[in-house]
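Working notes, structure below.
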Amino acid sequence: MYSHGSESLIKQAREIEESELQRFYSRLVKLLQGKELGHETVDSLQRLHIILFADKYTRTLPSELQKRLLSLLSSPSEQFQVLSSAVLRETLPLSGQDLNYNQENVGQLNTHAAALLLSQAGSRAELSSLCALLLRSLENRQSEGPVHSLTHTLPILNTILTHSPECLTEDHVTLLSKKLVDWLRYASITQGGGTSSGGFFTGPRLRQPVPIAELDGTVSGDFFTVLCVGQSFTEDQWMNVYSFSMLRHWLLTYHSVCSGTTADTDDRSEVDGSVVSMVSATSSSSRLLPPKERLREKSFQYCQRVIEQSDRKAHRRSDTELQKACLVEAVCILDCVCVEEPSLVYRTFPCIKALFGRLSSDLSFARVVLPIAQFYLNHGEMAAVDCETVWKLVFGQFPAELFNDPFLVHELLRFLRLNLKSLQLRVPLYIQSFPNLLKFLAWDSPAVVDDFVDLLPSLVTAGTAVELLHTLLDLPCLSATLVLQLRSICLPISESGGRGLLSLDAFRNPSFRGLFLFLLRGEAGAGDTIDRLSTLHELLAEAADWPRVVQCAQTVPVLLHIFFNTVVTVADEKLLAHLILVMLERSSLLLNLPIYIKEVHRVFRCHLLRLCKLQPSLVVDQSREFIEFAGTTSSVYSKEEMYTHVVWVLGEYLSVSCDSRCSVRLITSCFETLEAVLFEITSSAPPPGAACPAPRVVTSLMSALAKLASRSHDLIPRVSLFLSKLRTVTRGGSVAWCSDEEDLVAIVTRGEELWSLLKAPGVAQSVLTPPPHVTTPQWHRDTNMSMPLELRALTSLAHPQ
């Protein structure tokens, strides 16, 4: 956890003697008494912090040292402010006499001193009194108190609001809302400091105030905002910027405050409650509104002004980025304001609509469009506005062209997670755009897999399930295709005879273009999959070891589990049957990544058993496909997991007790298919390059044949004959189809057990296919059993009344 050097320092700090520590305290006090604090003082403070941090117990410092450390909190050097605050945090909480800020010295309260106060506040009452002190300092005019304290006050209040909003009373809310209104709307419109007008006489009397400017260099003709520029700023202009930065948080949080005893009767008496909504409709009457409503009105005006300023051409790149950041904040604030006051929706939408029209054609403003989309989602229905254009951009163009922008991807996925229910109900394009959204996952799986664990269930519907399953299985192919898409733009076309990526040449080849375009499609509905999947896998064979493709393949099994867990809640029997066919088909149509194929087969066999147990009649419905799959001998060697469980499903559920449509003819057909495969793999060596069949495959085939024979007794002699031959053949020693002697013994033992059972057909059926009441007993509920009585007796003894 710590480096060797750090561990050594911590060990020394823990082993320091008390006498040595006291001498160190005295030496540090002398250093702090000096006029100049140098590097030795810094090193000593750092050492003191390590000693206090490493100690298991919280220490109390000598009063003189504590007094000196407290004085450092107001040091002009921020380094000493940080060190003293860190040291004092490791000591016992300070008493009210040790750190006592009142109305006279509140100007000395900087960020680090405030952090110390907040960390050691003992109760909500202490925090509330600190809030009251800070807010009273805001009421002072600049001439009445230290001006520089204001720049620290808002961040401190914002911290308190974040961690303990209940410490603010209604009076605090009223006062701070008033101050925010003043700072946002009535800040100075001239630059701070003033500029000389030039000439021979250049004295203070000739310094003329210079107006603030816009980002394009023109003189500002309206009130000051965060997008105004100048050589220097006044205190109220800085407070304007601070107020804008915390405004959204304030609007979202001030509802959590405690109810105060003294409401703002002066403001509220000016208007009757019945006319507040009419007054708020016009900014000219905003001074008549209560503080909260007036703050909303001024916030609305401020954000409108910021949006207007963002249309100006900035001279510097950094100012352009500032415009984007302020646009995001302004739109979010307007959204908060409209949520609180729905009547403002009609005044806001023309501005938001015009802003979207201006930004929608420029993908560099994509992160600004997301708050606009949030506004449309929250208020579009109320304003009866067509939102289709917004959703086509968010779910269409953004994923298709900006899938490799990590910041946009994070913001977009966060937007989806926060609004999942609303999008499912009101935006049909969301579900239809899952091929586009999965491009985020295909491009950078580790970064977004957690998001898709939450989002994937919302994309699973009866209409999208089959195509979504195919798309999840093709995610590694999509990952490779996205890489090729970017490379085809950056890299030149390779010359004939030159060395290049074969897959890139295939991507550019018109004859294969349709395969890649299907993977890159933006919406569902173009088809579940493509016919030439094997061709696509051959073209992308060299991509199997690309890191991005490998990472994507590792996430697919996780998503497949989520898919199947969700689909059983929305699918009918017909859809489940279709999904089983997809599993059987796609088990042999996967990109050639051995570990990926093995993991997908493992997921398939797990959920194949689950689906068949949920709907046993599916085995009869899809019996032809199941039997065809089980009759392919090559599957024994290439798809052991999948093949074993398909054979088990046929032996378990191909029964009249599971489905009355199961006929003797169907049982016989299945029996003959499995018998042929078992005879083939046990009478010859495996194909060249293939391993011997797994013992589990052989025993599963034998058990399935025995189960089928127990349901159609005419087949029992055929099974018995094979089992007796198997025992005879293995007496001669090793066989070509099983290389391990222990495995061979286990196979023969299983065969003898089945042979013995089949000698008594009635017993065999009961043992091999027991009825449900045997496999799922509920003896604790059966009144004919003694267990319920025993349980009741034990309960009465353990819990006597």
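The values are calculated or read from the model by the stated rules, or taken from the named source; none is laboratory data. Quick caveat, the model's predicted, so the values are computed rather than measured. Every residue, glycine among them, receives a Cβ derived from its backbone with ideal geometry; neighbour counts consider all protein chains shown. Keep in mind that these areas ignore ligands, DNA and RNA; they rest on the heavy atoms of the full protein, side chains included. Shrake-Rupley method; radii C 1.70, N 1.55, O 1.52, S 1.80 Å.
Key figures
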| read-out | value |
| --- | --- |
| Kirkwood-based shape ratio for the stretch 562-690, expressed as Rg/Rh from alpha carbons | 0.98 |
| Residues L520 and L575, FRET efficiency given R0 of 35 Å [Cβ-Cβ distance, rounded to 0.05] | 0.85 |
| Highest to lowest packing among 76-82, 761-767, 596-602, 552-558, scored as the average C-beta count within 10 Å | 552-558, 596-602, 761-767, 76-82 |
| Point-to-point label distance, R23-D454, nm (Cα→Cβ direction, 7 Å offset) | 5.8 nm |
| Per residue accessible area of the stretch 594-731, 1.4 Å probe, in Å² | 43 Å² |
| FRET efficiency, R602 to C490 (Cβ-Cβ, R0 35 Å, nearest 0.05) | 0.40 |
| Proximal lysines to K56, defined as alpha-carbon separation beneath 25 angstrom and excluding residues fewer than eight positions away on the same chain | K11, K67 |
| Projected label distance in nm at T749 and A213, using a 7 Å step from Cα toward the beta-carbon | 9.1 nm |
| Equivalent ellipsoid dimensions for the stretch 18-86 as semi-axes, Å, which come from the Cα gyration tensor, largest first | 19, 13, 11 |
| Per-residue SASA entry for D405, accessible area with 1.4 Å probe, Å² rounded to 10 | 50 Å² |
| By average C-beta atoms within 10 angstrom, highest first, the peptides 370-383, 215-228 | 370-383, 215-228 |
| Efficiency of FRET between I16 and T151 - r from beta-carbon atoms, R0 30 angstrom, step 0.05 | 0.15 |
| Paramagnetic label zone (point 7 Å from Cα along Cα-to-C-beta, V729; backbone N under 16 Å) in the stretch 693-712 | 693-703, 705 |
| Relative pair counts by distance (%), Cα atoms of the stretch 713-766, 10 Å bins | 23, 48, 24, 6 |
| Most to least packed among 464-471, 791-798, 659-666 [average Cβ atoms within 10 Å] | 464-471, 659-666, 791-798 |
| 16 Å cut-off, amide nitrogen to a point 7 angstrom out along A541 Cα→Cβ, residues in the stretch 591-609 | 591-594 |
| Inter-site label distance for R59 and S638 at 7 Å from Cα along Cβ, in nm | 7.3 nm |
| Segment K30-R414, length gained on full extension (0.36 nm per residue, minus Cα span) | 132.8 nm |
